[in-house]
Amino acid sequence: DAAALAAAPGLRAVAHTAGTVRHHVTDACWERGIEVSSAAAANALPVAEYTLAMILLANKRVLETARGYRASRARAEWLARGPEVGNYRRTVGILSASLIGRRVIELLRPHDLEVLLYDPYVEAEEAAALGVRAVGLPELFAACDVVSVHTPLLPSTRGLVSRELLALMRPDATLVNTARGAVVDQGALTDAVLAGRVRAVLDVTEPEVLPPGHPLWECENVLLTPHLAGSQGNELRRLADLTVSEVARWASGEGFAHPVRHERLAFLA
């Protein structure tokens, strides 16, 4: 903020070794002409990899089949599955063409999947260039076997995945959320998964750690992970490497390759 900047009169650039800068910089940075960089592009990769894995596992019904297989300890019935199982010509919906959403689209490209996109800022021509089809929000939820949420949490997106949209999902469809828990109406999602209508893979919830007695902990239709899709372990080196390269570029006069633009800040996670 302005007080911190007053104590750093020589500061000309900030390179953040993680994703969002929302909690670290204020308008005062841009008012003073300070350039800002983020490693969000590097952090997008492991989130997209996690998402791809969960989409493929969800369509293959791997998690619930493994659970049932462990319980029955018999092989035959789990291999006699109908056409609702598998990844051939299934339909995947991407909610928001964010950095992560675009990376997921790229990783999905080699697979035999139809990919739909809802993003109010992406026109049909740009969507076609990405190799996806732009659709409205209700169609995204009604048409897809898996819907993956990648929209940032903004005042306009809080509760965006509403009870009405969840009701449109196909029976046994899967919602994957690696964005922010509050983008989804969690009460409505809880009702839907407890009723056995849909499945969910949730790397984020609201609150971030659910109370111990929350029904999602015990729901067999839900996989909960503790916000681990982003960079972990050796993946943190990728963030450091990108930031070091950003500092080198800036010091040589090339400028940041991954700048945070003030005018885009309101749309970023």
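The values are calculated or read from the model by the stated rules, or taken from the named source; none is laboratory data. Quick caveat: nothing in here was measured; it's all calculated off a predicted structure. Reconstructed Cβ throughout: ideal geometry from the backbone, glycine too, with neighbour counts over all protein chains shown. Please note that ligands, DNA and RNA were not included when accessible areas were found on the heavy atoms of the full protein model with its side chains. Shrake-Rupley method; radii C 1.70, N 1.55, O 1.52, S 1.80 Å.
If you wrap a convex hull around the alpha carbons of segment 98-142, what volume per residue comes out, as a whole number of Å³?
Per residue, the Cα convex hull of segment 98-142 comes to 71 Å³.
Taking segment 184-256, how much of its Cα-Cα pair set, in percent, is spaced more than 19 angstrom apart?
Percentage above 19 Å: 53.
Could you pull out every residue, at least 5 positions away or on a different chain, whose amide H is within less than 5 Å of the one on V201? Hs are placed 1.01 Å off N in the peptide plane, and Pro or chain starts have none.
HN-HN under 5 Å from V201: L175, V176, N177, L223.
Give me Rg over Rh for segment 50-120, both radii from the alpha carbons and Rh done the Kirkwood way, two decimal places.
1.08
Work out how far the C-alpha atoms of segment 114-269 reach from end to end along every principal axis, then list the three figures in whole Å, largest first.
59, 41, 28
Quick query: amide H of S37 versus all other amide H atoms, modeled in the peptide plane; which residues come in under 5 Å with a sequence gap of 5 or more or a different chain?
Here V14, A15, H16, V260 satisfy the definition.
At q = 0.12, 0.16, 0.19 Å⁻¹, what is the base-10 log of I(q)/I(0) for segment 1-141 according to the Debye formula with one equal point scatterer per Cα and no solvent? Please give it to two decimals.
Calculated log10 I(q)/I(0) at the listed q: -0.70, -0.93, -1.08.
Name the residue, out of L216, L117, L168, whose mean-square fluctuation peaks in a Gaussian network model built on the chain with Cα pairs under 10 Å.
Highest fluctuation of the listed residues: L168.
Compare the Cα positions of A40, P83, A97 along the charge dipole of segment 1-111 (+1 at Cβ of Lys, Arg; -1 at Cβ of Asp, Glu; about the Cα centre) and return the one farthest towards the positive end.
About the Cα centre, the residue reaching furthest to the positive side is P83.
Quick check: at a probe of 1.4 Å, how many percent of the accessible area of segment 17-121 sits on carbon and sulfur atoms?
54
With +1 on each Lys and Arg Cβ and -1 on each Asp and Glu Cβ, and nothing else charged, work out how big the dipole of the chain is about its Cα centre, in Debye to the nearest 20.
For this selection, approximately 700 debye.
Hey, could you grab the Kirkwood Rh for segment 10-66? Inverse mean 1/r over distinct alpha carbon pairs, Å, one decimal.
14.1
Under Stokes-Einstein, with the Kirkwood radius over Cα pairs standing in for Rh, what whole-number D in µm²/s applies to segment 83-197 at 10 °C and 1.306 mPa s?
The calculation lands on 111 µm²/s.
Please calculate how many Å² of accessible area the chain carries per residue, with a 1.4 Å probe and no DNA, RNA or ligand atoms counted.
Here the residues of the chain average 52 Å² of exposed surface.
Which ³J(HN,Hα) values in Hz, rounded to whole numbers, follow from the phi angles of segment 202-214 under the Karplus curve 6.51 cos²θ - 1.76 cosθ + 1.60, where θ = phi - 60° and Gly and Pro get x?
Computed from phi, the couplings for segment 202-214 are 10, 8, 9, 9, 10, x, 4, 10, 5, x, x, x, 5 Hz.
If we restrict to alpha carbons, what Rg and Dmax does the chain come to, in Å?
20.6, 71
Lys and Arg at +1, Asp and Glu at -1: add these up for the other residues within a Cβ distance under 14 Å of A192 and post the number.
-1
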